[in-house]
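Since every read-out is calculated from the coordinates, none of them should be taken as a lab result. Predicted, not measured: the structure shown is a model, and the values here were computed from it. Glycine also receives a Cβ, built like all others from the backbone with ideal geometry; neighbour counts cover every protein chain displayed.
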Amino acid sequence: MELTIDWYIGLSAILFSLGALGVLTRRNAIIVFMSIEMMLNAANLAFVAFARHLGDLDGQVLVFFVITVAAAEVAVGLALIVTIFRSKKSINIDEINLMKG
Amino acid sequence: MGSGSVFIVFILMALVSVSAAVMMLLSKNAVHSALWLVLNFTAIAVLYVVLNAPFIAMVQITVYAGAIMVLFLFVIMLLGAEQLQGISGVHGTERYHRAVAFVLVALLVVGFGVVIFNGGTGGGETAVIDASPVALGLRLFEAYVLPFEVTGILLLAAIIGVAVFTRRKKKEA
Amino acid sequence: MGIFGLAPLLLVFPLIGVLFNGLVGRRFVEYNRQTGEKWSGWFGSLMALSAFAIAVAMFFGLGAHEFHAETVVLFDWIHVGDFYVPWAMQIDTLSVTMMLVVTGVGSLIHIYAIGYMHGDPNFSRFFTYLNLFLFFMLILVSGNNYLMLFVGWEGVGLCSFLLIGFWFDRVNEKGETMNANAARKAFVANRVGDLAMILAMTLTFWTFKSLEFQPVFDSAVEMFESGHMVHFGAFEATLGGVLTAITALFLAGAAGKSAQIPLYVWLPDAMAGPTPVSALIHAATMVTSGIYLIVRSNVLFEIVRASEVVIPGINISSPDLVALTGAATAVFAGLIAFTQFDIKKVLAYSTVSQLGFMIAAVGMGAYVAGMFHLITHAFFKALLFLGSGSVIHGMEHGHHHLSHGHHDEHDTFDPQDMRTMGGLRHKMPTTFAVYMIGSLALAGIVPLAGFWSKDEILAHAGTNPGWIFTVVYWMLTVAAFCTAFYMGRQLKMTFFGKPRHAAAEHAEESSPLMTRPLMVLAALAVLGGLLNFPFFSESAYKAASEAHDYGINLALEHWLEHSIASFELSEEGIVHMPHTPTWIQFDVAIISTILAVVALLAAVFLVYRNRWQTADERDPLQSTPIWWMAVLPFDTLYMKGIIPLFNRLADFLGYKIDWDLWHNFVHERIIRDTFVGFANFASDVLDRQGVDGLVNGAGQLTRWLSGGLRMSQTGYARTYALSILLGTVALLAYFLWPVIF
């Protein structure tokens, strides 16, 4: 069986969907956050696969940037979680609805 | 490395990563979830190597599986948030998790082994290009130097932002 | 341009003086009385002298310029539509004459004041005002338009107010602030004339579309020659009629400033100011600005005379009214002067009387004669006032000397009361000599300055035909007689006889700082007649005019004709300007001289021969009708008749017309209530119900709609994530639709 790009895209899609599922189902803010990381990884995998497929290095460069931004995002996001935990003594996102209209 | 072994590696790694992802979602303990995610990341790193992206693979291991996930674990333990979860609807058991983990790690090792012992890349329809860290570095610092600098500023902003967020007010301290 | 470029300095120098004395002069004086006064006083005097130097430069500049008038534009002042007024200085023979008088006499009085004001706590304030006065007076005489003239006019009025009230904190025995009251009186009386001035200027602009002298005169002459009517919107008037109104208003303005009937009442009270002020402002310069105004506007007056328009009701033309007003004032004030015991009040009424001479002269068209008398009067009246100041100073000195010996708490000594003087000729010889010269000059004794100028006016009145001229001639002759009489009385009371008060016995001559300016003025009073020396016979005049060489004769006339005779350019002899004789009229001269000598001798050797042995003696005229006539001055009439009437009228206007009718009814009832009603309608109906309803309705609608939408904002991160996922799936479906199906 020939290993084409379709396989990678398929795997990427599955991982992305699982990540999305995690975001939507879990109540622990940290787990939700980890799920988001997984979705980012799924996207990264698609980038690298396309880079390989097209013979272009730009895909990999983009992944590099995604990882950098993800690092920053994690830092800020975790800081937010810590701050929220401090004030509400909870990181259950079902209890956090400050943005309610 | 022949296309056959590459296919095997892909299948293995796909299995490992998907399973790890599922386990991450099912774990009651946040620490366990984090560890499942590390597994997931590592498997994808193997796929990066297969896809002729050694530098990205390294970054994936060190930054993602290493630094970022350590940060996650650190926060989880700092807050004592391991048990704060519970899945909306789905429940699993510890033993079952342990077995799955064992199998998946084994598969990961096998996949790594295949890749390492059979050399770098393989598969794909087009010609293999130079994707060494040197080539990637040159591309980064020539065509993408401005976005690169902007990311630097972004990181700086993140550092300052985090410092501001987590600073305790003097009264509380 | 050349030398005329210096003209602005004429205004700059006094202004520097104002700034120096106003800002820092006080510090100098407070720091060191002695040297501070010198700095303050001499700086002010130096500025006056500098202005005089500039005026002299202008004089020679005009000579080199063949006497052509020059306009120095400093900047545009007002430029709105048709209304253009530059800030420009008119340098012509008339204005330069006035500048020379103002700055020349002004400089001498500045110097004199250094001595006179010595020791006054507000020394530098005095010099500030004096310089400010010079500044405004020079604006008045140098402006090339009526508006600038008016600025100066108001400015000198202000300075006059400030200087009359210079000792505003002094109170008399009744506790009244007499000086401040006098200042207010002067200010208010002047306002009446100023209102007339404003009306006259408005009418002038309306008629001629300009306020600049030359354009106004040019278009007046042109309109006169073409016989056009003047259009005021819907109605029209003859030029003569309009100019009659304008010139009559000018007369009212001049009557205020130059103290003519019926507005003269402020001038005698103005003697409350320091004596140098009386000399400079209330004798030599400011009070002559009314004469200057009429001379400056001579074209307008002559057109009225030529168009033979009369004022309805009294049937005399406005120039004739000017002449009669002046003559009446001359006689009336001359008579009042008989009855005064205050040395300065005599001179004040004398000034009013002499101003009457000048007004009468310019009203008769004898502009040169009027200006001539203005100049000579400036010399000898300044001299007399400064001399009286010297006398007062001497008396105060004597009184001061006395009170050192024994303190008299209830001493009501008045250093200006002539009844307490007497015999001062031995105590103050210099003052006596110059005072004598001044008195004789004023009385019109040959060959002093006053004789020539007064005689020229009398000759003008005596030689021109018409009942007006005859009446004016006889009135002025009587006035001249009065002049000589009250001056003789004053000399007798002040300098002759025996001292009637201990203060007079101990009086001392004033300092050289004060007497030297007096000597200069005395010299001018002697020689002033040379300014416009007449020919002695008709044949001499004819010979000179054929040879075109007038020598020193008629210098002022030939100098001023470049400013005054402009109207005679009009052709065809339609204008019959009264003609001033250019050679001496022996009949007039002899009559007036004899009358003057008789009056002087009568006063000294007949009426007051054995009088004034003691200070409380009655005046021999006190029981005669003259006294009663003169003691009933206009002042009383004002106080008893006009002021209550005026008050009642003002009350009526103020309370009934203005308050009840205008304010309460028109403003409150009609305008305000209508407005309030409309405003209520606008605010309640239109705004609150209409606009507010619309706006609030829009707000309600938005709130109602958003109420539904905000249900979707749960605040739970999961909801948002789900909606993002939905969007993603939708996009995916959109993209994949063609692929799958």
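Per residue of segment C:4-14, in order, report the coupling 6.51 cos²θ - 1.76 cosθ + 1.60 (Karplus, θ = phi - 60°) as ³J(HN,Hα) in whole Hz, putting x for Gly and Pro.
6, x, 7, 3, x, 4, 4, 8, 5, 4, x
So for the protein assembly as shown, taking the charge dipole from beta-carbon charges (+1 Lys/Arg, -1 Asp/Glu), which of C:Leu62, C:Phe166, C:Leu211 sits furthest toward the positive end?
Of the listed residues, the answer is C:Phe166.
Just to be sure I understand: of the beta bridges DSSP finds with both ends in chain C, what percent are antiparallel, rounded to 5?
Antiparallel bridges make up about 90 percent of those DSSP assigns within chain C.
In nanometres, what is the gap between the two model label sites at C:Thr614 and C:Glu30, each 7 Å from Cα along Cα-to-Cβ?
Reported label-point gap for C:Thr614 and C:Glu30 is 5.1 nm.
When C:Thr244, A:Thr25, B:Thr42 are ordered from fewest to most other Cβ atoms inside 10 Å of their Cβ, what list results?
By the 10 Å Cβ count, ascending, the order reads A:Thr25, B:Thr42, C:Thr244.
Find which of C:Leu402, C:Leu19, C:Phe372 sits farthest along the positive direction of the dipole of chain C, computed with +1 on the beta-carbon of Lys and Arg, -1 on that of Asp and Glu, about the Cα centre.
C:Leu402
If you find the alpha carbon centre of segment C:512-546 and of segment B:13-34, how far apart are they in angstrom?
So the separation of the two Cα centres works out to 129 Å.
Could you grab the relative contact order for chain C? Cα pairs under 8 Å, six or more apart, rounded to a whole percent.
11 percent
So what J values fall out for segment C:462-479 if you push phi through Karplus, 6.51 cos²θ - 1.76 cosθ + 1.60 with θ = phi - 60°, rounded to Hz, Gly and Pro as x?
Taking θ as phi minus 60°, the curve returns x, 9, 8, x, x, 5, 4, 5, 5, 4, 4, 4, 5, 5, 5, 5, 4, 4 Hz for segment C:462-479.
Ranking C:Ser278, C:Ser537 by Cβ neighbours within 10 Å, fewest first, what do you get?
Neighbour counts put them in this order, fewest first: C:Ser537, C:Ser278.
Starting at the first residue of segment C:227-241, write each ³J(HN,Hα) from the Karplus equation 6.51 cos²θ - 1.76 cosθ + 1.60 with θ = phi - 60°, in whole Hz, x for Gly and Pro.
With coefficients 6.51, -1.76 and 1.60, one gets x, 5, 8, 9, 9, 10, x, 7, 10, 9, 9, 6, 4, x, x Hz.
Counting only other residues whose beta carbon sits under 13 Å from that of B:Ala135, what net charge do I get with K and R as +1, D and E as -1?
Value of the local net charge: -3.
Restricting things to alpha carbons, find the Rg to Rh ratio for segment A:5-88 using the Kirkwood radius for Rh.
Reported Rg/Rh, Kirkwood definition of Rh: 1.08.
Between rounded, prolate and oblate, where does segment B:1-85 land on the alpha carbon gyration tensor, with a ≥ b ≥ c its root eigenvalues, rounded for a/c under 1.5, else prolate if a/b exceeds b/c?
Because a/c hits 1.5 or more and a/b fails to exceed b/c, segment B:1-85 counts as oblate.
No solvent, one uniform scatterer per C-alpha: report log10 I(q)/I(0) for the protein assembly as shown via the Debye equation at q = 0.09 1/Å, two decimals.
-0.98
As a test, work out the antiparallel percent of DSSP beta bridges whose residues both lie in the protein assembly as shown, rounded to the nearest 5.
Among the beta bridges of the protein assembly as shown, antiparallel pairing accounts for roughly 90 percent.
What is the magnitude of the charge dipole of chain C about its Cα centre, with +1 placed on the Cβ of each Lys and Arg, -1 on the Cβ of each Asp and Glu, and no other charges, expressed in debye to the nearest 20?
2000 debye
Angle, helix C:429-443 long axis vs. longest principal axis of chain C, Cα atoms, 0 to 90°, nearest 10?
80 degrees
Treating only the Cβ atoms of Lys and Arg (+1) and Asp and Glu (-1) as charged, compute the dipole magnitude of segment A:5-88 about its Cα centre; round to the nearest 20 debye.
Around 520 debye, computed over segment A:5-88.
Just to be sure I understand: if I project the alpha-carbon convex hull of chain C onto a plane and average over all orientations, what area do I get in nm²?
Mean shadow area of the hull around the Cα atoms is 55.3 nm².
Which angle from 0 to 90°, rounded to the nearest 10, does the C-alpha axis of helix C:123-142 make with the longest principal axis of chain C?
90 degrees
Picking from C:Leu321, A:Ile36, B:Ala53, whose Cα lies most toward the positive end of the charge dipole for the protein assembly as shown (charges on Cβ: Lys, Arg +1; Asp, Glu -1)?
A:Ile36
As a footprinting exposure proxy, order A:Val76, B:Val109 by other Cβ within 10 Å, with the fewest listed first.
Ascending number of Cβ neighbours within 10 Å: B:Val109, A:Val76.
Could you tell me which of the pairs C:Lys185/C:Lys344; C:Lys174/C:Lys345; A:Lys89/B:Lys28; C:Lys257/C:Lys656; C:Lys381/C:Lys542; C:Lys257/C:Lys345 are separated by over 24 angstrom between their Cα atoms in the structure shown?
Beyond 24 Å between Cα atoms: C:Lys257/C:Lys656; C:Lys381/C:Lys542.
Determine the dipole magnitude for the protein assembly as shown: charges of +1 sit on the beta-carbon of Lys and Arg, -1 on that of Asp and Glu, nothing else is charged, the reference point is the Cα centre, and the result goes in debye to the nearest 20.
Dipole about the Cα centre, nearest 20: 4220 debye.
Return the long-range amide H neighbours of C:Trp87 (sequence gap of 5 or more, or a different chain), with a cut-off of under 5 Å between placed amide H atoms.
For C:Trp87, whose amide H was placed from the backbone, the distant partners under 5 Å are C:Leu74, C:Phe75, C:Asp76, C:Trp77.
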